[in-house]
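Accompanying notes for the structure given below.
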């Protein structure tokens with residue numbers, strides 16, 4: 001396979017994974033059919049099965065894909081020492097949780113949390129990796145970096161259940177960062 005063809009296949013696979021995760025988030029794992037996922041991804045059902053052997057395999061890869069991509073972006077955000085650490089923390093939390101708050105996207109974390117037996121090691125390790133990235137970013141800034149990272153993580157989890165919009169989440173998270181970091 002040529003490099004351009006491989007890139008096109010990778011791009012198509014990523015698009016299918018993202019469509020699948022949106023379908024799982026809307027309908028839940030059990031409610032999402034391979035037909036519905038294929039329609040959302042604009043691919044035939046046999047084409048979907050050509051790419052993924054089962055709904056379980058598709059779910060596992062879709063979750064791992066989004067969490068890995070999020071952690072890669074968060075790593076870059078937290079490493080950007082041209083920005084104040086407080087801004088980096090808010091941006092990292094926005095990528096980790098904030099972008100999933102709202103009427104259409106709220107169910108992404110829920111569908112992941114509701115199906116732990118379907119996750120692979122990458123997905124199961126993602127929350128700990130996020131916490132480690134926060135701790136590393138704060139350790140150089142304050143002697144209580146690990147405690148502050150844990151506390152901010154707890155604040156974020158609480159806010160997810162208290163706010164209705166991404167903007168409200170970010171506003172309250174910024175306040176917590178200002179108070180703690």
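Could you list, in sequence order, all residues of segment 90-100 that are part of a helix (DSSP H, G or I) and under 18 Å from residue 138 (Cβ atoms)? Steps first, please.
First, the residues of segment 90-100 that are part of a helix (DSSP H, G or I): 90-96, 98-100.
If the condition is that a residue be part of a helix (DSSP H, G or I) and under 18 Å from residue 138 (Cβ atoms), then 90, 91, 92, 93, 94, 95, 96 are the ones that fit.
Tell me the residue from 54, 44 that is out of contact with any helix residue (DSSP H, G or I) (no Cβ under 8 Å at 6 or more places or on another chain) and surrounded by fewer than 19 Cβ atoms within 10 Å (Cβ to Cβ), please.
Details: 44 fails: out of contact with any helix residue (DSSP H, G or I) (no Cβ under 8 Å at 6 or more places or on another chain).
The match here is 54.
Taking residue 80 as the residue in question, decide whether it is exposed (fewer than 15 other Cβ atoms within 10 Å of the Cβ) and under 20 Å from residue 127 (Cα atoms).
For residue 80, the condition - exposed (fewer than 15 other Cβ atoms within 10 Å of the Cβ) and under 20 Å from residue 127 (Cα atoms) - is not met.
Residue by residue through segment 157-181, note down the ones that are modelled with pLDDT of 95 or more and under 15 Å from residue 88 (Cβ atoms).
Those that are modelled with pLDDT of 95 or more and under 15 Å from residue 88 (Cβ atoms): 170, 173, 174, 176, 177, 178.
Would you confirm, using the coordinates I've provided, whether residue 151 is without any contact (Cβ under 8 Å) to a residue 60 or more places away in the chain, part of a helix (DSSP H, G or I) and under 15 Å from residue 174 (Cα atoms)?
On the way: without any contact (Cβ under 8 Å) to a residue 60 or more places away in the chain: yes; part of a helix (DSSP H, G or I): yes; under 15 Å from residue 174 (Cα atoms): yes.
Spelling it out, residue 151 is indeed without any contact (Cβ under 8 Å) to a residue 60 or more places away in the chain, part of a helix (DSSP H, G or I) and under 15 Å from residue 174 (Cα atoms).
Which residues, counting only those in segment 153-179, are more than 17 Å from the chain's Cα centre (by Cα), under 13 Å from residue 86 (Cα atoms) and surrounded by 18 or more Cβ atoms within 10 Å (Cβ to Cβ)?
Passing the criteria: 173, 176, 177.
Can you work out which of the residues in segment 99-128 that are modelled with pLDDT of 90 or more and more than 14 Å from residue 60 (Cα to Cα) is nearest to the chain's Cα centre (by Cα)?
Selected residue: 127.
Would you kindly identify the helices (runs of 4 or more DSSP H) lying entirely within segment 1-89 that contain at least 2 residues that are over 23 Å from the mean Cα position of the chain (by Cα) and modelled with pLDDT under 95? Break it down into steps so the answer makes sense when it comes.
Numbers: elements: 3-31, 34-41, 45-51, 55-79.
Output list reads 3-31, 45-51.
Go through segment 111-126 and report how many residues are assigned to a helix (DSSP H, G or I) and surrounded by 14 or more Cβ atoms within 10 Å (Cβ to Cβ).
Of the residues in segment 111-126, 7 are assigned to a helix (DSSP H, G or I) and surrounded by 14 or more Cβ atoms within 10 Å (Cβ to Cβ).
Among the residues of segment 51-69, are any closer than 26 Å to residue 166 by Cα and without any contact (Cβ under 8 Å) to a residue 40 or more places away in the chain?
yes
The values are calculated or read from the model by the stated rules, or taken from the named source; none is laboratory data. Since the model is a prediction, treat every value here as computed from it, not as a measurement. As a convention, Cβ positions derive from the backbone with ideal geometry for all residues, glycine included, and neighbour counts pool all protein chains shown.
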